[in-house]
Amino acid sequence: MSFPKAGALVTDNDAEINLYKHAHLLIEKAVSKGVRVYAKTKINGKILKENQTQLFTEAGHTIHAQTVIFATGYGAQEEVKDKNAVIHRSYMPYQQIK
């Protein structure tokens, strides 16, 4: 091998993609399926219940949702101090949006 990395994986048929463009295309597809996206929204409070979440924005609005996805990036893993937050992975496995 041309690199000295212990435990490195070498696989065939991998793909390189533009992650920024890919993420935005996934968001566009989700929006076309009815998902509401609140980009660049600062949240300054939340109430978490079993089947309902309320988020309070810095601008004074309230967002009600059953499911919330915080796209905070890889670096947030070490910053999460919310006892209700669980980080399962630093990546998202591919799932086709139908």
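Annotation: extensible slack from H64 through A39 equals 7.4 nm (criterion: 0.36 nm per residue apart, minus Cα-Cα distance).
Taking amide H atoms as placed 1.01 Å from N in the peptide plane, the amide H of Y38 has no partner under 5 Å among residues 5 or more positions away or on other chains.
Laboratory data are not the source of any read-out in this text; all were calculated from the coordinates shown. All values derive from a computational prediction rather than experimental measurement.
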